[in-house]
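Asks: Dropping a structure here in structure tokens format, bear with me for questions.
The values are calculated or read from the model by the stated rules, or taken from the named source; none is laboratory data. If you're wondering where the values come from, they're calculated on a predicted model, not measured in any experiment. For neighbour counting, all protein chains shown are included, and Cβ atoms are generated from backbone atoms with ideal geometry for every residue, glycine included.
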Amino acid sequence: MSVITIIGAGQMGSAMSFPARANGHEVRLVGTPLDAEIIDRARQDHWHLNLKRFLPEGVKYYQCAEMREALLGADLLIGGVSSFGVDWFCDNVLPVIPESLPVLSVTKGLLNLPDGSLITYPELYRQRLGRKLSLNAVGGPCTSYELADLDPTTVCFCGEDAQLLRKLRDMLRTDYYHISITTDVTGLEVAVALKNAYALGVSLAIGMAEKRDGKQHYNSQAALFGQSLKEMRRLLRHLGGGEDNIIFGAGDLYVTVFGGRTRMIGTLLGRGLSFAEAREELKGVTLESVVIVTRAAAAVRKKAALGELREADFPLLLHCDDIITRGREVGIPWQAFEEEYC
């Protein structure tokens, strides 16, 4: 049995307690400064206020101020913060953990730099920390609530040390949580981060169909799904990631389109609401998809200005960005998707 400390009591971080406890590990769930109410309630009966499910028996709960206690003797740290908690995680968690403690991050996202570069969060952590840590991450088709419901899936762990990844896989794999591994950190992290941006793009078709005749239509969703994979692969190739990881990005894109906050914002925009109106309707809801759209689009536009990419190769991404940042009405650029493969 190992000791697994999860920092961040959000939905995905908390859901990771299920495979961890299924393998008999001691699990310590630590809240961020925003999770105090979640931890207080979970201490009563294991009920998670946001996940709307009971967490496994045996999970131990810690408030943020008790983090150092929760880290004592830990064999693995799971970073469970959302992309909006990255700065807090960099400033308050990574500096206090020993170099021997491996980190497995569930946080999805990319950061765009002034020169148009996009970097993954493991790379950001490495740059911000200034010392060596084992920084690993998980990606693939897995929603928090379905992980808590034990619905089978296959995810992928990435990191620089294949032997360590095998050890982490052995710690967390179950008959419902299946794990591939890769040392292509850029490839996996870029693919699963971009899915948030493109899930918003695919969801535009849902709202457009609802506005047109109130029915569900799948031709348009499928076409936008295919265009999304085409653009995701182009960015993956540009950033030096292995294209095989598009598999996990595709799976993650599929599951994201079928539910959650990204589907909601895309659907509202597709119905004809302006971004400001849609944002007001979803007031208080964190929208990581919007952050990824604007960051990825800014990077593409910068690299296009430098002659390293072509804006014409990313019509769906840039249209989503135009809606969000430039107030454009939804009007899918269908003709821009047409290509000749002969």
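Asks: Which count do you get for residues in region 283-326 that are at pLDDT 95 or above and on the phi > 0 side of the Ramachandran plot?
Replies: Selection size over region 283-326: 1.
Asks: Next question. Considering only region 52-118, give the strands (runs of 3 or more DSSP E) lying wholly within it that have at least 1 residues that are within 17 Å of the chain's Cα centre (by Cα). Reasoning before the result, please.
Replies: On the way: elements: 60-62, 76-79, 103-105, 110-112.
Once the strands (runs of 3 or more DSSP E) in region 52-118 are filtered for at least 1 residues that are within 17 Å of the chain's Cα centre (by Cα), what remains is 76-79, 103-105, 110-112.
Asks: Among the residues of region 166-175, is there at least one that is over 21 Å from Gly272 (Cβ atoms), within 18 Å of the chain's Cα centre (by Cα) and β-branched (Val, Ile, Thr)?
Replies: Keep residues of region 166-175 that are over 21 Å from Gly272 (Cβ atoms), which gives 166-175.
The next check asks that each one be within 18 Å of the chain's Cα centre (by Cα); those that pass are none.
No, because not a single residue in region 166-175 is over 21 Å from Gly272 (Cβ atoms), within 18 Å of the chain's Cα centre (by Cα) and β-branched (Val, Ile, Thr).
Asks: Among the residues of region 262-292, write down those that are surrounded by 17 or more Cβ atoms within 10 Å (Cβ to Cβ), farther than 16 Å from Ser82 by Cα and of a type in the set (A, V, I, L, M, F, W, C).
Replies: Residues of region 262-292 surrounded by 17 or more Cβ atoms within 10 Å (Cβ to Cβ): 262-271, 273, 275, 278-279, 287-292.
Filter once more, keeping what is farther than 16 Å from Ser82 by Cα: 263-271, 273, 275, 278-279.
Matches in region 262-292: Met264, Ile265, Leu268, Leu269, Leu273, Phe275, Ala278.
Asks: Residues to consider are Leu224, Leu204, Leu236; find the one that is under 26 Å from Cys320 (Cβ atoms) and under 18 Å from the mean Cα position of the chain (by Cα).
Replies: Numbers: Leu224 fails: under 18 Å from the mean Cα position of the chain (by Cα); Leu204 fails: under 18 Å from the mean Cα position of the chain (by Cα).
From the options Leu224, Leu204, Leu236, the qualifying one is Leu236.
Asks: Of all residues in region 297-325, which are over 21 Å from Ala223 (Cα atoms) and either touching a strand residue (DSSP E or B) at 6+ places or on another chain (Cβ under 7 Å) or among the small types (Gly, Ala, Ser) (or both)?
Replies: Answer for region 297-325, where residues must be over 21 Å from Ala223 (Cα atoms) and either touching a strand residue (DSSP E or B) at 6+ places or on another chain (Cβ under 7 Å) or among the small types (Gly, Ala, Ser) (or both): Ala298, Ala299, Ala304, Ala305, Gly307.
Asks: Something else now. Can you tell me how many residues in region 244-263 are in contact (Cβ under 8 Å) with a residue 40 or more places away in the chain, over 11 Å from Gly140 (Cα atoms) and in a helix (DSSP H, G or I)?
Replies: 4
Asks: Look at region 315-333 and say how many of its residues are in a loop (DSSP other than H, G, I, E, B) and of a type in the set (D, E, K, R).
Replies: Of all residues in region 315-333, those in a loop (DSSP other than H, G, I, E, B) come to 327-333.
Keeping just the survivors that are of a type in the set (D, E, K, R) gives 328-329.
Final tally of qualifying residues: 2.
Asks: Gln216 passes all but one of (1) farther than 22 Å from Arg326 by Cα; (2) under 22 Å from the mean Cα position of the chain (by Cα); (3) of a type outside the set (Phe, Trp, Tyr); which number fails?
Replies: All conditions are met except number (2).
Asks: Against the condition over 24 Å from Leu253 (Cα atoms) and touching a residue at least 12 places away in the same chain (Cβ under 8 Å), how does Leu118 come out, does it pass? Spell out the reasoning first.
Replies: Numbers: over 24 Å from Leu253 (Cα atoms): no; touching a residue at least 12 places away in the same chain (Cβ under 8 Å): yes.
No; evaluated as a whole, the condition is false for this residue.
Asks: What strands (runs of 3 or more DSSP E), lying completely within region 128-235, carry at least 1 residues that are among the hydroxyl-bearing types (Ser, Thr, Tyr) and touching a strand residue (DSSP E or B) at 6+ places or on another chain (Cβ under 9 Å)? It would help to see each step written out before you state the result.
Replies: On the way: elements: 135-139, 153-158, 177-182.
Answer list for region 128-235: 153-158, 177-182.
Asks: Need the failing condition index for Gln216 against (1) at pLDDT below 95; (2) surrounded by fewer than 17 Cβ atoms within 10 Å (Cβ to Cβ); (3) within 26 Å of Pro98 (Cα to Cα), just the number.
Replies: Checking Gln216 against (1) at pLDDT below 95; (2) surrounded by fewer than 17 Cβ atoms within 10 Å (Cβ to Cβ); (3) within 26 Å of Pro98 (Cα to Cα), the one that fails is (3).
Asks: Can you work out which of the residues in region 306-322 that are touching a residue at least 60 places away in the same chain (Cβ under 8 Å) and among the hydrophobic types (A, V, I, L, M, F, W, C) is surrounded by the most Cβ atoms within 10 Å (Cβ to Cβ)?
Replies: Checking each candidate, the answer is Cys320.
Asks: A follow-up question, please. Name, by its number, the condition in (1) under 24 Å from Asn136 (Cα atoms); (2) crowded, with 17+ Cβ neighbours inside 10 Å that does not hold for Phe84.
Replies: So Phe84 meets the others, but not (2).
Asks: Also, quick follow-up: Mind checking which residues of region 12-33 are in contact (Cβ under 8 Å) with a residue 40 or more places away in the chain, more than 23 Å from Gly85 (Cβ to Cβ) and of a type outside the set (A, V, I, L, M, F, W, C)?
Replies: Matches in region 12-33: Asn23, His25.
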